[in-house]
Amino acid sequence: MSKATKSILRGLEDPVDVKAYFSDNLPADLERVKADFESLLVEYNSISKGKVNYRFINPGETPEAEQEAAQNGIQPILINVREKDEASQKKAFMGAVIEYGDQKEIIPFIGQESAMEYDLTTAIKKISVKDKPSLALIQGHGEPQPNQMIQAMQALSVIYNIESYDLSVEPAIPARYQAVLLFNPVDSLPYDQYGKLNDYLSKGGKVIVAANAVNGDLSTASGTVVNHNVFQWLASLGVNVEPSFVIDAACAKVTVQQQRTGFFNFASQISFPYIPLMNTFPDHPATKGLEAVLFQFASPIQFSSGVEGSFFPIVTTSEKAGVQQAPITFDVQRQWTQADFPMSRLVLGGVVEGVKGNPEAKLVVFSDSDFFIAPRGDANADNINLIVNTVEWLCDKSGLSELRTKGVVYRPIKELEEAERSVIKYTNFLLPLMLVGAVGFWRSQRNRNKRIRRMEEKYV
């Protein structure tokens, strides 16, 4: 069990009640999930010295129990079962409700792939914390609303109060904010507002900036420069974001509609180097445990020498990367070669410590502001973990970031070298022909031998 969980459990002031709604007679694999969850609750009870109480309820036992589960937000799922050699589906409950005083948190489904410890510890932390520290989410310049980055906001709200903040309202940013978040401003900020950010940093504040220096539009296959004064301000602090497109041989795939001969269209997936896929990271608490982060239309970052502070990269490309100057036209049919990626470990995100001469001040910069924005809540898990872990590293030492990444698994298909691909291709093509030829030769020889034996028998 993690140090974070133990710390949270030992710090509980009042009892926590866990109602685990699990059906009886589940298939063997799901019974193991139930047993694992019960074992976890036993540990929680022990470490908290009896503060975490639990009981298991079978909603299928009575209509009242099923109604209670539904009222608490636990909905049934359909599972596949096999009885008497016949496959069928049945309704099952596998969820939990955590209560602390008049606060309640729901884990609607606890499955085989669930990060049980993270889900349970997070729920307890969320309802038991009394005085949450505050974060300032800057608004007023076209920044995304909280509901456009719902996954990140939900994860951060476990520990923090997130307040929309207008830089024009007060003469200075209040010190009560543990960090200031400036995400994807569309309009340039008045220069006096940058003065307020500078003043906040000079007093030991923490600021995270995620901004696009370039913009890619796949509908028009065009890439352009974003004209915004946020990059002038960052440059004054030593962080230079070049208005160009980073390309990476390790990248995501996009779906492209293509037309066959005639009137039929078909969709195919092609590698798109403008969406780098990072699966190795510099050694830093913000990226510990991450397995795969996707950036979209990112730009390279460099730090100026002679500026106050120390710069540390936290997100970099692979060893096969490159840069294309904007404006550009995207060619999805382009055949990329190794010569297109002559650069290595380009920086896409980094932190400056000791900004404005204050050793406590920290400035984090990402050259892509879209990696955690997903109005439909379908962002890549580690994209969310990256931004949330960064905030927690700046402001909080709860250890939840380590728990969060513990359950994320990404297993990409290994990228093969050209020679390996050629061997596999020709083996797949030639081996069946060779096998057919060998079988044909064997049958021919067998038939020939039979004819010879018959002839010998005939003339004996």
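The values are calculated or read from the model by the stated rules, or taken from the named source; none is laboratory data. Just so we're clear, the structure is a prediction, and the values are computed from it rather than from any experiment. When we count neighbours, we look across all protein chains shown, and the Cβ atoms used for this are built from the backbone with ideal geometry, even at glycine.
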Name the pairs whose Cβ atoms lie under 8 Å apart, with the first residue in region 14-33 and at negative phi and assigned to a loop (DSSP other than H, G, I, E, B), the second surrounded by 14 or more Cβ atoms within 10 Å (Cβ to Cβ) and hydroxyl-bearing (Ser, Thr, Tyr), and 6 or more positions between them or separate chains? Asp14/Tyr100; Asp14/Ser128; Pro15/Tyr100
Just need a number here: residues in region 311-328 that are under 20 Å from Asn215 (Cα atoms), in a loop (DSSP other than H, G, I, E, B) and of a type in the set (Gly, Ala, Ser). 1
Would a scan of region 121-135 turn up a residue that is more than 22 Å from Leu394 (Cβ to Cβ), surrounded by 18 or more Cβ atoms within 10 Å (Cβ to Cβ), out of contact with any helix residue (DSSP H, G or I) (no Cβ under 9 Å at 6 or more places or on another chain) and not assigned by TED's automatic domain parsing to the domain that holds Val364? yes
Kindly indicate whether Ala87 is more than 30 Å from Val207 (Cβ to Cβ), out of contact with any Asp or Glu (no Cβ under 9 Å at 6 or more places or on another chain), without any contact (Cβ under 8 Å) to a residue 12 or more places away in the chain and not in a strand (DSSP E or B). no
What single numbered condition from (1) of a type outside the set (Gly, Ala, Ser); (2) more than 17 Å from Asn380 (Cα to Cα); (3) touching a residue at least 40 places away in the same chain (Cβ under 8 Å) fails to hold for Lys288? (2)
Suppose we filter region 178-199 for residues that are touching a residue at least 24 places away in the same chain (Cβ under 8 Å) and out of contact with any Lys or Arg (no Cβ under 9 Å at 6 or more places or on another chain); how many remain? 14
Among the residues that make up region 249-264, is at least one of them free of Cβ contacts under 8 Å to residues at least 60 places away in the same chain, hydroxyl-bearing (Ser, Thr, Tyr), under 18 Å from Leu137 (Cα atoms) and assigned by TED's automatic domain parsing to the domain that holds Ile173? no
Residue check for Ala235: surrounded by 13 or more Cβ atoms within 10 Å (Cβ to Cβ) and among the small types (Gly, Ala, Ser): yes
Filtering region 308-332 down to residues that are of a type in the set (A, V, I, L, M) and either farther than 15 Å from Asp248 by Cβ or within 22 Å of the chain's Cα centre (by Cα) (or both) yields Ile314, Val315, Ala321, Ala326, Ile328, Val332
Any residue in region 254-270 that is more than 28 Å from the chain's Cα centre (by Cα), of a type in the set (S, T, N, Q) and at pLDDT 95 or above? no
